[in-house]
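Chemist: Next up is a structure, given as structure tokens.
The values are calculated or read from the model by the stated rules, or taken from the named source; none is laboratory data. None of these values were measured; they are calculated from a predicted model. Positions of Cβ are backbone-derived with ideal geometry, glycine not excepted, and every protein chain shown enters the neighbour counts.
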Amino acid sequence: MANDAEVQLAVDQAMKDQKKQKRKKKLIIFGVILAVIVVIIVVANRPKDYNFDQPAARVTVDTVMTDFKNDAANASEKYSDKVIAVTGQVGTIQDEYVTLRAYDDDLWLYNVNVYMENNQDLKKFKVGDTVTIEGVCDDTDLFGDVDVKKCVIADQFATVPDYDGAQKVKINDFVKRYKENQVKADEKYKGKTVQFTAKVTHVADEYAVVEPFNADVWDWDCDVQICFEDMDDLKKVTEGKTVTIVGECYGQADMYTAKICRAIVKK
């Protein structure tokens with residue numbers, strides 16, 4: 001029979017083995033927890049994979065700015081941290097970003113700030129041109145502008161005016177409607193593509209001005225501002241020349257009876 005010393009030794013060994021097993025289980029559990037934490041940290045810090053092939057929205061600067069202006073919370077839910085394709089007119093070119101301005105003069109205070117994925121692409125922009133960029137909407141900044149980051153220049157416009165189906169109007173009637181009742185004129189023309197023939201009276205650096213044929217020296221407020229889709233089209237017009245213009249009506253301008261944007265010269 002085993003003596004008391006042998007029994008005690010066996011008991012002590014069993015207790016040691018039990019403690020080792022407990023320590024081993026604790027180490028395994030700790031290792032599993034640590035591995036889970038590491039995985040969570042890695043996943044949380046991994047750059048989000050954005051789908052530039054299928055933007056969540058295809059809009060103009062005017063649409064984005066109006067949405068944020070009318071309901072910031074709803075607009076944030078609709079656009080923020082999502083890839084959007086935005087079409088607008090190049091306003092300024094800075095060292096680190098480009099501003100796209102709205103066509104509607106009511107939104108003159110706000111811009112879409114475009115931060116390119118590759119800063120070298122900033123050289124491809126030209127003030128006054130209409131462009132479309134695709135990038136991740138980063139919500140509004142302190143001044144109410146909308147920031148879009150990781151941007152690339154899109155091959156095609158997010159939205160395209162219906163040049164072929166434009167509403168043909170007479171410049172005299174078009175101007176008369178705006179001078180008599182802007183609200184009703186906006187209901188009829190604003191946001192729609194129109195076509196008319198008129199005489200060019202002034203060519204500025206970024207736009208041209210036309211007037212109706214029945215204008216005289218006393219009609220100081222009858223001019224229509226024309227902002228072209230492509231700045232190269234601006235080179236096609238000269239003062240005194242009669243041209244046919246097709247473009248989107250953006251209502252009354254700050255200094256002119258009406259404003260036509262994304263315009264082209266029809267041959």
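Chemist: Using beta carbons and a limit of 7 Å, which pairs, at least six apart or on different chains, have the first residue in the stretch 101-129 and more than 16 Å from VAL152 (Cβ to Cβ) and without any contact (Cβ under 8 Å) to a residue 60 or more places away in the chain and the second one among the basic types (Lys, Arg) and crowded, with 16+ Cβ neighbours inside 10 Å?
Modeler: ASN111/ARG101
Chemist: Those residues that are surrounded by 10 or more Cβ atoms within 10 Å (Cβ to Cβ), among the aliphatic types (A, V, I, L, M) and modelled with pLDDT under 75, I need them from the stretch 38-61; list them, please.
Modeler: VAL38, VAL39, ILE40, ILE41 - these are the residues of the stretch 38-61 that are surrounded by 10 or more Cβ atoms within 10 Å (Cβ to Cβ), among the aliphatic types (A, V, I, L, M) and modelled with pLDDT under 75.
Chemist: Right, here's the next one. Pick from VAL64, VAL83, VAL136, VAL90: which is of a type in the set (A, V, I, L, M, F, W, C) and farther than 19 Å from ASP155 by Cβ?
Modeler: Answer to the selection: VAL64.
Chemist: Right, here's the next one. What's the number of the condition LEU107 fails, among (1) surrounded by fewer than 20 Cβ atoms within 10 Å (Cβ to Cβ); (2) more than 17 Å from TYR250 (Cβ to Cβ)?
Modeler: Of the numbered conditions (1) surrounded by fewer than 20 Cβ atoms within 10 Å (Cβ to Cβ); (2) more than 17 Å from TYR250 (Cβ to Cβ), the odd one out for LEU107 is (2).
Chemist: I'm checking my understanding of the structure. Among residues of the stretch 114-166 that are closer than 26 Å to ASP233 by Cβ and polar (S, T, N, Q), which one is farthest from the chain's Cα centre (by Cα)?
Modeler: GLN156
Chemist: Could you please find all residues in the stretch 144-154 being over 17 Å from ASP67 (Cβ atoms) and surrounded by fewer than 20 Cβ atoms within 10 Å (Cβ to Cβ)?
Modeler: Matches in the stretch 144-154: LYS149, LYS150, VAL152, ILE153, ALA154.
Chemist: Name the strands (runs of 3 or more DSSP E) wholly inside the stretch 140-251 in which the number of residues that are not assigned by TED's automatic domain parsing to the domain that holds ARG262 is 3 or more.
Modeler: Strands (runs of 3 or more DSSP E) meeting the threshold: 146-153.
Chemist: Is at least one residue of the stretch 91-113 small (Gly, Ala, Ser), over 19 Å from CYS227 (Cα atoms) and modelled with pLDDT of 90 or more?
Modeler: no
Chemist: To continue, here is another question. Looking at LYS78 and the list (1) within 19 Å of ARG58 (Cβ to Cβ); (2) modelled with pLDDT under 90; (3) crowded, with 17+ Cβ neighbours inside 10 Å, which single condition is not satisfied?
Modeler: (2)
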